[in-house]
Amino acid sequence: MEKFGKSQPVKRTEDVRFLTGEGRYVDDIAPANALQTFVFRSPVAHAVITALDVSDARDANGVHAVYTVADLEAAGLKIGMRGATVPNRDGTDGAAPMRPVLAKDRLRFVGEPVAVVVADTLAHARDAAEMIMLDYDDLPAKMDIDAGGETIHPEASDNVAYDWHMGDEAATNAAFEAAAKVVSLDVSDNRIIVNSMEPRGCYAEPEGDRIHVAINGQGVWGPKDQLAEVLDIPADDIRVTNPDTGGGFGMKGMMYPEYFVLAHAARDLGRPVRWMSERTEAMLSDNAGRDLTSLTELAFDENNKITAYRVLNKANMGAYNSQFAQAIQTALFSKVLMGVYDVQTTYLRSVGYYTNTTQVDAYRGAGRPEAIYILERAMDRAARELGVDPLELRRINFIKPDQFPYVTATGETYDVGDFNKVLRRAEVEADLAGFAARKAADADKGLLRGLGLCYYIESILGDPSETTKVEYTDAGRVNIYVGTQSNGQGHETVYAQFLSDQTGIPADMIDVVQGDSDKIKVGGGTGGSRSVTVQNNATVYTVEAMTEAFTDFLADEMGVPASEISFDDERFRADGSNMTPTMLEVAEMAREKGRDDLLVHERRVTLAARSYPNGCHVSEVVIDPDTGVTTCDRYTVVDDFGNLINPMLAEGQVHGGVVQGIGQALTEHVIFDEDGQLLTATFMDYALPRADDFPMIGFTSEPVPSTANVMGMKGCGEAGTVGALAAVSNAVQDALWERGVRQADMPFTPSKVWELIGDVAVAAE
């Protein structure tokens, strides 16, 4: 592992570009002569379309085209978008209704795209959209996540999207019957809007006989395949690029209707066409996150050891299946729901329901937060009901170091771990010994202080394969082409730093090239915390192949057998030769000899197994019972990310994730009215967290290197969010427990917390 022990806290090189206004975001680099588009969206949650007349809009000043679903069908497009499904308990597939690119026959959520206006300017497009005549017959909106109600899709009886399960139901039920104690908790995980700093956008332009589509997403090869499918043209006729992207959070990891329509418009009109979402438009139309409830039950023996685990999850799918929705909701259970505990009997069930809201993909930190959230909330409740110290209850049930590799009840194989080591470090770093004194001091002021703990584990998801290409340029620099996509994580710094560590090429001589489907054959994009681990794994083997090829070339140049030449991560050396060339020098020698084949090296590599980052979050909150205001006062994280490439960037990822989690726990909440109208569609109504909402966030690395890759790395992109939801929620519950509050669910807004305290007080009178 010494080869991969060069981790240094290198500052992000791309930040200079971003902070000086030199970023290349999709709306900045769209062709200057591009036509502008405006998307005409459904004003209601549920209705039958009786008439759609766009003739006046087409005749409006400056308008080049207005597209409806009928126009797309007439042009030969396949109007149905991809949507994931999972098997039901009875073996049938989950419901798979068509999601049209533009609304067809029915309207199913407020903000659903109905028509797209293309004009000289955005003002022209907006004015023309005002002339569109849309008539419809209202239908009742379906807003609860239970079976029944007005049918959203005929393919989904009672609005049930899927009814999925896994595990041994009979054995689990038997274990519950024999349990010394059963603890249950029904918790909700509130819906959130992703709110990436840069909203979605794209432009499309003809490039000869091909079409170029630029998106601000999380990868280019998936969109390329789907564009080819919908446009019904060969994939080779499409180039997809992804320039700088201001935040993705999973929400930008799938395709959206606007991209298909703009690609068609550019081909149809022979002109570049651009679109950029506005903030309220994004809140209405972006895939959202969470929005589920879970009844979680734990069975314990007389020694407080968990013998069985059972959960019933109900999830809001929104109006349609999106690219991942059904699959991600079930994957969150099957991969990490058991967490770090040694439990062999498990039954998991998840039921999804269609409602008249935007589709939900369990995103902004992907699916792991939901799984860990419900488990760790249940563990906190169990500690209270069993009268056990929360840390001790976890220690009793931890998978022990000598049990690895460990096969979980859901089929995951954890390779390594030392969970108690991490917990002990967290206990020290968070100064748990001083909590009682802090609590007493607050009590003297009439305040409530609570302590919350969460121990999480992630299963790094996504495509296990990735491609790295290294190219030596005529300018004496090196390009590294990658198949992932940075959305702000610092990939340019990390990939250049890692390649420099392995080759001795100065990092400032390395340029990271990403987000262009013409530059490398295939890539997996970014999502599920896969990027750095999977991409750098491919880099390791690309460097290995490059070193071997250079060694063979140098055998003649150095006059020694290739077997006697070694490379020490900086220079090639051999006894009996005075030559000690660097990688850059060998490349220049090869160029001079006409060996252009040695100037490009590419490998696609597949990881054989997943990695499992894990860690402990400890939160302390202070509540003013007179106002309900809840303040996160202390926050400590100890993580096992395995070997780190850049500790500074890992800490930054954790800080960002924790802020996301605390934001959902304390302030963020999506509210629809009974008719399906979004009431939190601006930042006046939707409370994103602010800098002064947070304490300093302590971060400590306690690594147990992974055996699943040669680097010993574990992903870290979503770890902060995974732990924060439960840590803060458990801290709030702890603070409110002494006031008699036995059920507290996110978000812990001042009015909600104040009412919880007041309701208990009234009930006690």
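The values are calculated or read from the model by the stated rules, or taken from the named source; none is laboratory data. No experiment lies behind these values; they were computed from the predicted model shown. Glycine gets a Cβ as well: all are built from the backbone with ideal geometry, and neighbour counts include every protein chain shown. These accessible areas exclude ligands, DNA and RNA; they are computed on the full protein's heavy atoms, side chains included. Shrake-Rupley method; radii C 1.70, N 1.55, O 1.52, S 1.80 Å.
Structure values in brief
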| quantity | calculated |
| --- | --- |
| Qualifying residue in the stretch 738-746 (condition: crowded, with 24+ Cβ neighbours inside 10 Å and hydrophobic (A, V, I, L, M, F, W, C)) | yes |
| Sole residue being under 24 Å from the mean Cα position of the chain (by Cα) and open to solvent by 10 Å² or more (accessible area, probe 1.4 Å), chosen from Thr547, Thr526 | Thr526 |
| 1 or more residues open to solvent by 20 Å² or more (accessible area, probe 1.4 Å) and closer than 30 Å to Glu370 by Cβ: qualifying helices (runs of 4 or more DSSP H) within the stretch 216-291 | 221-231, 279-285 |
| Residues satisfying the stated conditions in the stretch 128-166, i.e. under 22 Å from Leu292 (Cβ atoms) and part of a strand (DSSP E or B) | Val160, Ala161, Tyr162, Asp163, Trp164, His165, Met166 |
| Residues of the stretch 526-539 that turn out to be touching a helix residue (DSSP H, G or I) at 6+ places or on another chain (Cβ under 7 Å) and farther than 15 Å from Gly490 by Cα, as a count | 1 |
| Subset of the stretch 568-597 (residues that are modelled with pLDDT of 95 or more and under 26 Å from Thr484 (Cβ atoms)) | Met583, Leu584, Ala587 |
| Residue in the stretch 46-60 that is over 17 Å from Ser322 (Cβ atoms) and under 32 Å from the mean Cα position of the chain (by Cα) present | yes |
| Extreme residue, surrounded by the fewest Cβ atoms within 10 Å (Cβ to Cβ), among residues of the stretch 77-96 that are under 16 Å from Val230 (Cα atoms) and among the basic types (Lys, Arg) | Lys78 |
| Among the residues listed as Ala125, Ala96, Ala115, Ala84, the single one being out of contact with any helix residue (DSSP H, G or I) (no Cβ under 6 Å at 6 or more places or on another chain) and part of a loop (DSSP other than H, G, I, E, B) | Ala96 |
| Residue under evaluation Ala45, criteria (1) assigned to a loop (DSSP other than H, G, I, E, B); (2) surrounded by fewer than 21 Cβ atoms within 10 Å (Cβ to Cβ); (3) of a type in the set (A, V, I, L, M, F, W, C); (4) modelled with pLDDT of 95 or more, criterion not met | (2) |
| Subset of the stretch 578-590 that is assigned to a loop (DSSP other than H, G, I, E, B) and open to solvent by 20 Å² or more (accessible area, probe 1.4 Å) - its residue that is nearest to Thr547 (Cα to Cα) | Thr582 |
| Of all residues in the stretch 480-511 being assigned to a helix (DSSP H, G or I) and within 17 Å of Val220 (Cβ to Cβ), the one that is most open to solvent (accessible area, probe 1.4 Å) | Glu492 |
| Selection status of Asp759, open to solvent by 30 Å² or more (accessible area, probe 1.4 Å), assigned to a loop (DSSP other than H, G, I, E, B) and either of a type in the set (S, T, N, Q) or out of contact with any strand residue (DSSP E or B) (no Cβ under 8 Å at 6 or more places or on another chain) (or both) | no |
| Residue list for the stretch 423-466, filter: in contact with a Gly (Cβ under 7 Å, 6 or more places away or on another chain), under 30 Å from Tyr495 (Cα atoms) and surrounded by fewer than 24 Cβ atoms within 10 Å (Cβ to Cβ) | Leu461, Gly462, Asp463, Ser465 |
| Residue in the stretch 97-126 that is surrounded by the most Cβ atoms within 10 Å (Cβ to Cβ), counting only those that are more than 19 Å from Ser285 (Cβ to Cβ) and not acidic (Asp, Glu) | Ala119 |
| Within the stretch 591-652, strands (runs of 3 or more DSSP E) holding 3 or more residues that are crowded, with 21+ Cβ neighbours inside 10 Å | 614-623, 630-640 |
